[in-house]
Amino acid sequence: MGKQSPIIIAVTDKVLRDKLSKMNAAIMGVNIDPFYGAPELVIVLANKEMPTYIYDGSLVMGNMMNAATDLGVANCWIHRAKEEFESEEGKAILKDLGIEGDYEGIGHLILGYAAKPEAEPAPRKADYVYRV
């Protein structure tokens, strides 16, 4: 339908990246970098006024992950964007960026180059696909 409910925030600023990392770690209840040292990340948010906003935002995340992999860029979906941007601190970040509206954080996509080769994927379970 062309509603385009998601928005994408590309974070290359180290100060903001580190602030988001600390917020995310606090939500998770740990004192580590949940972004695994990735120097850059992309945040996807979606407009809650659209009934399909979670699906739309998830498709954006998945498509960006496929594109990054195709370009040889390691990537990982990091959760807790919802909780980050529901907080007063998260809302203030959006306001400072000039983003207005009723947006929910869908996810963070960390990007970088892997320190070691990717592990082999686990075999698919036997009942993953049904043919009719």
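Given (1) over 21 Å from residue 93 (Cα atoms); (2) touching a helix residue (DSSP H, G or I) at 6+ places or on another chain (Cβ under 7 Å), identify the lone condition not met by residue 62.
(2)
For every residue, the table says whether it meets (1) closer than 24 Å to residue 113 by Cβ; (2) free of Cβ contacts under 8 Å to residues at least 24 places away in the same chain.
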position: 46; (1), (2): no, no
position: 63; (1), (2): yes, yes
position: 69; (1), (2): yes, yes
position: 75; (1), (2): yes, no
position: 84; (1), (2): no, no
position: 90; (1), (2): no, no
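Any read-out appearing in this document is the output of simple, stated calculations on the displayed coordinates, not a laboratory observation. What you are looking at is a predicted structure, and each value in this text was computed from that prediction instead of being measured. When we count neighbours, we look across all protein chains shown, and the Cβ atoms used for this are built from the backbone with ideal geometry, even at glycine.
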